[in-house]
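Heads up: the structure comes next, in structure tokens.
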Amino acid sequence: MVDDGVARVLSVLRSAVVIVDASGAVVRTTAAAHALGLVRDGALAHASIRDLVVRVRQDGAIRDAELDLPRGPMSKVMLRVSVRVAAMAPDLVCVLVDDLTQARRLEAIRRDFVVNVSHELKTPVGALTLLAEAVESAADEPDEVRRFATRMQSETTRLSRLVHEVIELSRVQVAGALEDLVIVDVDEVVAEAIDCEVTAADAKRVRLDLGGARGVRVSGDRSMLVTAVRNLVDNAIAYSADGTAVKVAVRAGDDVVEIAVVDEGIGIPADLQERVFERFFRVDPARSRDTGGTGLGLSIVKHVAADHGGDVTVWSQLGRGSTFTIRLPRAQTPGDDENPDGAEEVGSAGAPRPRPVDDPPRSEA
Ligand code: ADP
């Protein structure tokens, strides 16, 4: 039998441990072992672990293995575990199991990311090499040289945007990236994001409108929030036809602030709407290449929203347009009660109060 000391140690262990006797019956477990589904009907549930126990019992040597185990009797979901089996006492064998599923998944994601980034970098770098060669061989034809140089400029813009977004994404992906939380004025975030996009909007004659609640605050990182809203506005312009409108609307609930970016653009097919938040996913890679898209913008938005304790959702209809909504917890600050211009649902009091987009950003004061 398991002595009291061992039993006490087992009761405080976080790891999954199962102790079996000579008949294969389970005599002790930790809670984690049950959570992983290692024990069924008083015995070890998985034949592969039972085999290891038999072999340890034969020669007394410790066995280590990495195994894929089904999560439950009928489950197709597999767990990746590392197992160590050792003889403990004359009749007892101890099985220690570590769940590696999450760690292996993260490794795979990281590997994928590196492969994707290298692939994405190769395209503009390859194009630049070819263009440089073309310039060299067209050295005596000024018009050709000018044409190639223009294309080189757009490839370098794409390259620097990609590098910038990869860095941005790695920054927001770090858990706990928000270290210095400050109270941030949503009006300022939206105004700054719109300000950065005025040139892109003008180039396509897209009207930028702003409406909704004013004076709302959230707690977070101002520059990250500007990046998130900016990415949404940037997409709204890029995936809309010339002469359409893009609207940024702020809604304030008691506890939640919503920043919605609404366009009248091409829309996203229903079955792909969730996938647009994946890294490097593009509905139409060719079009995205034309617009200089990297496929990273929305995953940055998703991470920024999550880092702030919120989320981002999409509504879209092909040919009608899309609405991306960032939801964030609303910060309650003492100023809210005293400020006569404080947060209000402008929409509910009548017409929204649009602010011309070329207003200078309001002062930080
Ligand atoms: P990209 O840099 O390619 O725009 P994003 O991550 O920002 O990358 O967006 C991923 C994909 O989602 C885009 O390539 C595009 O196909 C689609 N998408 C994003 N925003 C919109 C929008 N407002 N309207 C239509 N499609 C959009």
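The values are calculated or read from the model by the stated rules, or taken from the named source; none is laboratory data. Source: prediction; values computed, not measured. In this analysis, Cβ positions are derived from the backbone assuming ideal geometry, glycine residues included, and neighbour counts consider all displayed protein chains. Calculation scope for accessible area: heavy atoms of the full protein, side chains included, ligands and nucleic acids excluded. Shrake-Rupley method; radii C 1.70, N 1.55, O 1.52, S 1.80 Å.
How large, in percent, is the carbon and sulfur part of the accessible surface of region 247-326 at a probe radius of 1.4 Å?
On the way: 1760 of 3590 Å².
Solvent-exposed carbon and sulfur of region 247-326 make up 49 percent of the total.
Roughly how many Å² of ASP59 are accessible to a 1.4 Å probe, to the nearest 10?
It works out to around 90 Å².
Give the aspartates and glutamates whose C-alpha is closer than 15 Å to that of LYS204, dropping any in the same chain fewer than 8 places away, or say none.
ASP234, ASP242, ASP263, GLU264, ASP290
For region 309-325 and region 1-16, what is the separation of their C-alpha centers, rounded to whole Å?
51 Å
Towards the positive end of the charge dipole of the chain, with charges on Cβ (+1 Lys, Arg; -1 Asp, Glu), say which of VAL18, VAL125, ILE109 has the farthest Cα.
The listed residue farthest towards the positive side: VAL18.
For GLY253, list long-range residues whose amide hydrogen, built 1.01 Å from N in the peptide plane, is under 5 Å from its own amide hydrogen.
Under 5 Å from the amide H of GLY253 lie the amide H atoms of GLU258, each far enough along the sequence or on another chain.
Under the definition of Cα pairs under 8 Å and six or more residues apart, what whole-number percent is the relative contact order of the chain? Kindly include the intermediate steps, with their values, before the conclusion.
Values: 615 pairs, mean separation 47.4, N = 365.
Across the chain, relative contact order equals 13 percent.
If you roll a 1.4 Å probe over region 1-62 with all protein chains in place, what percent of the accessible area is carbon or sulfur?
Values: 1840 of 3520 Å².
On region 1-62, the fraction of accessible area on carbon and sulfur atoms equals 52 percent.
Picking from ASP290, ASP221, ASP187, which is most flexible by a Gaussian network model of the chain using Cα springs under 10 Å?
Most flexible of the set in this elastic network: ASP290.
Taking the chain as the reference, fit the longest principal axis to its C-alpha atoms, fit the long axis of helix 47-59 to the helix C-alpha atoms, and give the angle between the two in degrees, 0 to 90, nearest 10.
With rounding to tens, the tilt is 40 degrees.
With a 10 Å cut-off between alpha carbons and a GNM built on the chain, which of VAL26, VAL257, VAL314 moves the most?
Result: VAL26 has the largest fluctuation of those listed.
For region 114-201, run through the GluC sites (Glu not before Pro) and keep only the ones in DSSP coil with at most 11 other Cβ atoms within 10 Å of their Cβ.
Listed in order of number, the matching sites are GLU179.
In 10 Å bins starting at zero, report the fraction of Cα pairs in the chain per bin as a rounded %.
Going from the shortest bin to the longest, the percentages are 5, 18, 21, 16, 15, 13, 9, 3, 0, 0.
Among VAL283, ALA32, VAL166, whose Cα sits farthest toward the positive end of the charge dipole of the chain (+1 at Cβ of Lys/Arg, -1 at Cβ of Asp/Glu, about the Cα centre)?
After comparing all options, I get ALA32.
Using Cα springs under 10 Å in a Gaussian network model of the chain, which residue among ALA252, ALA43, ALA238 shows the largest mean-square fluctuation?
The residue that fluctuates most here is ALA43.
Distance between Cα centroids, region 145-178 to region 126-143: provide it in whole Å.
About 23 Å separates the Cα centre of region 145-178 from the one of region 126-143.
Give, rounded to the nearest 20 debye, the magnitude of the charge dipole that the chain has about its Cα centre when Lys and Arg contribute +1 at Cβ and Asp and Glu contribute -1 at Cβ. Before the final figure, lay out each step's value.
Values: 44 positive and 58 negative charges, 299 e Å.
Here the chain has a charge dipole of around 1440 debye.
Grab the alpha carbons of region 216-284, take their convex hull, and tell me the volume per residue in Å³. Walk me through the numbers before you get to the answer.
Details: hull volume 8.6 nm³, N = 69.
Convex hull of Cα atoms, per residue: 125 Å³.
Considering only VAL85, VAL56, LEU67, whose Cα is most displaced toward the positive end of the charge dipole of region 44-93, charges sitting on Cβ of Lys, Arg (+1) and Asp, Glu (-1)?
Of VAL85, VAL56, LEU67, it is LEU67.
Assigning unit charges at the beta carbon (Lys, Arg +1; Asp, Glu -1) and nothing else, what dipole magnitude in debye, to the nearest 20, does region 177-236 show about its Cα centre?
Details: 7 positive and 12 negative charges, 64 e Å.
It works out to roughly 300 debye.
How tilted is helix 142-173 with respect to the longest principal axis of the chain? Cα atoms for both, answer in degrees (0 to 90, nearest 10).
40 degrees
Per the helix-only calculation at 222 nm, which mean residue ellipticity applies to the chain, given -39500 (n - 2.57) for every DSSP H run of n ≥ 4 and division by its residues, nearest 500 deg cm²/dmol? Before the final figure, lay out the partial values.
Numbers: 10 runs with 152 residues, N = 365.
Calculated from helices alone, the mean residue ellipticity at 222 nm is -13500 deg cm²/dmol.
What's the magnitude of the charge dipole for region 182-322 around its Cα centre, counting Lys and Arg as +1 and Asp and Glu as -1 at the beta-carbon? Answer in Debye, nearest 20. Before the final figure, lay out the partial values.
Numbers: 16 positive and 23 negative charges, 73 e Å.
I would put it at about 360 debye.
Which whole-number value in Å² is the accessible area per residue of the chain, probe 1.4 Å? Intermediate values should be presented prior to the final figure.
Working: 19940 Å² over 365 residues.
With the other protein chains kept in place, the chain gives 55 Å² per residue.
Summarise the accessible area of region 184-245 (1.4 Å probe, protein heavy atoms) by the percent that is carbon and sulfur.
On the way: 930 of 2020 Å².
Percent of accessible area from carbon and sulfur atoms in region 184-245: 46.
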